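S.K.: I have a structure I would like to understand better, so I am pasting it below and will then ask my questions one at a time.
The values are calculated or read from the model by the stated rules, or taken from the named source; none is laboratory data. Please read all numbers here as calculations on a predicted model, not as lab measurements. No Cβ is skipped: glycine too gets one built from the backbone with ideal geometry, and neighbour counts run over all protein chains shown. Quick note on the areas: whole protein, heavy atoms, side chains included, nothing else; ligands and nucleic acids left out. Shrake-Rupley method; radii C 1.70, N 1.55, O 1.52, S 1.80 Å.
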Amino acid sequence: MPHEIPTYVATATTGSGPLAPPAAATVISPRQPADAVADERPLRTLHQRWVTVVDGCFETEMECGDGEPVDALRTAWAHALRHSAEIKRELDTWIGNPLHDHLTEHHLLRLAQATGILRPGHSMHEALDEIEGLLRSVTAAAEERTTWLGRRRRAAEERRLIFASMRPS
């Protein structure tokens, strides 16, 4: 019985057709030696770490932000760059590798779908161009450094809001 490679059901479609299936992580075909799979592990690990950071930041921004998905993604990307710059730098050394480009394209398409950039009548290439342009314009978020006076003003404002909420209407 020949070894069958699993098939994947497309989860998103656009005017140009369904998304391509992701590459299988551990399936070794006669055309792909075991050494090739072992060589891909560091790249897959780095990519997964980056995706986890970005997606976590994006979910947090969607929950705590103003609800605008594109702004939430922009803020999440900036926070991910600040918190995990070394992962992103190392991942960027793989640019041009077919597997890197494939994994990155699929992650960006998922982000485009989540933000509404990938919409009906919009091709995947248009969505990729739009989201890449959006993310290229993002810089790492500056770490918030408050001064003694800033912390004191914030505490005073918090007390004022608490007391205002406790007053009878």
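S.K.: Just the number please: accessible area per residue for the range 58-98, 1.4 Å probe, all protein chains included, in Å².
M.R.: It amounts to 60 Å² per residue over the range 58-98.
S.K.: Beta carbons within 10 angstrom, averaged per residue: use that to sort the peptides 50-63, 88-101, highest first.
M.R.: The densest-packed peptide leads the list: 50-63, 88-101.
S.K.: Based on the mean of other beta carbon atoms within 10 Å per residue, what is the order of 113-119, 133-139, most packed first?
M.R.: Top of the packing list down: 113-119, 133-139.
S.K.: To the nearest 10 square angstrom, how much accessible area does residue 125 have with a 1.4 angstrom probe?
M.R.: Counting only protein heavy atoms, the figure is 140 Å².
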